[in-house]
Amino acid sequence: MEAIPARARAYVACVVLGALLCAAPLPRTPAPPWSAVVPLAVVYAGCERAAARWRFAGTFYPVLLAGAFLLPPAAAALVPLPGALSSRVEQRPYALRRIWRAAHLMLGVWAASSVHGALGGRDAVAGCDFPYALVPAGAAVLAFCLVLTVLDGGIRALGERVPARRAWRGLFVRSLAPVAVHGLAGLMMAVLWRSPYGPVAALLVLLPMCVSWWVFAQYHRERAAHQATIRALVQAVDIKDGYTRGHSERVGQASMMIARELGLDDERVEVLRFAGILHDVGKLGVPTRLLRKDGPLTPEERRVIELHPEYGHEMVRGIGFLGEARAAVLHHHERLDGSGYPYGLMGAQIPESARVVAVADAFDAMTSTRSYRRARPVPAALEELRRCAGAQFDPRMVTALVRALGREGWHPVVTAGEEPASFVPAQQTADRSGSRP
């Protein structure tokens, strides 16, 4: 997102102002303990540079939380500053994104240090008072997660235009477990730092954390490679079948909306998005002349096109991380009444992922202009889905899409050459995909 909305810039400015106020020492307070602030800031900056080298999108929280456990709030807020301001940023505007990263981490560390100090955590760390030292440390981790969640949700809602009801959903729960593990490492660092063994021993705690972090970075690299493979397959389909360019991404978007409305967990939502994106990948095995034919298809040509789900399943069956998306690729043209293909499955025999993609596929086919007919308005397409629910489509999936669109609207990826068109019968909603009336 290169263009940052004005309201998002104002939000960032308010967060930056708050961070500066938190880092400013109060009158009549001791000077920051630079002997601890500087080494921790240098170590954190080094970890951020390592993250950039490994191309790992994340933050090394143990050093920040160790600073929260060792230092007063204003001093602890300075620890993330150099590393965040020099961190790698993928999108423009680079300076604003670095400033945002620094400010929201400063506020999180300040809040963690404040809670930790208020509960007597620094005395517990200095005196190695276990297990009591875990209580203020746990409260500090909760405060840290809560502040970051609130700030991240705000920037998602204002900067990325995510609906408010979704901007904060799941952020706190997803971040709590990994940050709690980092908090334990930070607590061990703080205890060793105050022990007779000193800061050098404390840094040894980072070695196993760095190894695990590197392994996690390799996992993310592998996942990024998988996603690049998916994008390449989809682009190949779009090039071959130019009339439906952008269709795969829109089906993925609609599938994701249905999955979220059904209350599925984030991992399954992502898998169903992949299922929608890849549902037509088997078209790579269909002759181009059939995909681009302007007139009606002959029975023989239709039978050839109806092979594309099986072609697609063969193409993706070896991609392990797709999970149930593979079943959706194979079965997204099955119908509840058993008249679909390739196997004529009925009702609950059809995998849930395929029932989701079937509705998303038909919806986008109806609301997109094709070579052989113009698009329908969204309300007309939804009415047709309701009419076919129970025979062709799963009523639960249709209801989920209707509710999601009623709340969020339909804002598909704009594709060159497409324009709104008039109503056409439901039987024509997927002629080029091979659907039978």
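The values are calculated or read from the model by the stated rules, or taken from the named source; none is laboratory data. Please read these numbers as outputs of a predicted model, since none were measured by experiment. With ideal geometry, Cβ positions are generated from the backbone for all residues, glycine too; neighbour counts draw on all protein chains shown. For the accessible areas, the whole protein counts, side chains as well, though only heavy atoms, and no ligand, DNA or RNA atoms are used. Shrake-Rupley method; radii C 1.70, N 1.55, O 1.52, S 1.80 Å.
Taking L184 as the residue in question, decide whether it is open to solvent by 80 Å² or more (accessible area, probe 1.4 Å), out of contact with any helix residue (DSSP H, G or I) (no Cβ under 9 Å at 6 or more places or on another chain), under 22 Å from A50 (Cα atoms) and not acidic (D, E). No. Whenever a residue of segment 378-398 is at negative phi, its partners that are among the polar types (S, T, N, Q), lying with C-beta atoms within less than 7 angstrom and at least six residues away or across chains, give the pairs V378/T367; A381/T367.
Among all positions in segment 144-158, there is at least one residue which is more than 17 Å from L105 (Cα to Cα) and either open to solvent by less than 60 Å² (accessible area, probe 1.4 Å) or basic (K, R) (or both). Sort through G117, G58, G83 and tell me the only one that's part of a loop (DSSP other than H, G, I, E, B) and at pLDDT below 95. None of the other options fit; the residue is G58.
Of the numbered criteria (1) open to solvent by less than 10 Å² (accessible area, probe 1.4 Å); (2) over 22 Å from the mean Cα position of the chain (by Cα), the one S87 fails is (2). Is it the case that segment 257-268 has a residue that's outside any helix (DSSP H, G or I) and within 16 Å of A365 (Cβ to Cβ)? No: segment 257-268 contains no residue that is outside any helix (DSSP H, G or I) and within 16 Å of A365 (Cβ to Cβ). Residues in segment 135-167 that are in a helix (DSSP H, G or I) and not aliphatic (A, V, I, L, M): P136, G138, F144, C145, T149, D152, G153, G154, R156, G159, R165, R166.
Report yes if F321 is in contact (Cβ under 8 Å) with a residue 12 or more places away in the chain, out of contact with any Lys or Arg (no Cβ under 8 Å at 6 or more places or on another chain), under 23 Å from V269 (Cα atoms) and in a helix (DSSP H, G or I), otherwise no. Considered against the rule, which asks whether it is in contact (Cβ under 8 Å) with a residue 12 or more places away in the chain, out of contact with any Lys or Arg (no Cβ under 8 Å at 6 or more places or on another chain), under 23 Å from V269 (Cα atoms) and in a helix (DSSP H, G or I), F321 comes out as no.
Any chance you could count how many residues in segment 348-359 are β-branched (V, I, T) and open to solvent by 40 Å² or more (accessible area, probe 1.4 Å)? I'd like the intermediate steps shown before the answer.
Step one: of segment 348-359, the residues β-branched (V, I, T) are 350, 356-357, 359.
This time we only want the ones that are open to solvent by 40 Å² or more (accessible area, probe 1.4 Å), so: none.
Total satisfying the criteria: 0.
Of all residues in segment 168-194, which are among the charged types (D, E, K, R) and assigned to a helix (DSSP H, G or I)? Result: R174, R194. For segment 14-50, filtered to residues that are not hydrophobic (A, V, I, L, M, F, W, C) and not in a helix (DSSP H, G or I), the residue that is modelled with the highest pLDDT is P33. A single member of L385, L345 is touching an Asp or Glu at 6+ places or on another chain (Cβ under 6 Å), buried (at least 16 other Cβ atoms within 10 Å of the Cβ), more than 17 Å from M256 (Cα to Cα) and at pLDDT 90 or above, and it is L345. Against the test of being touching a residue at least 40 places away in the same chain (Cβ under 8 Å), within 24 Å of the chain's Cα centre (by Cα) and more than 30 Å from L307 (Cα to Cα), the options A190, A185, A275, A180 yield a single qualifying residue, A180.
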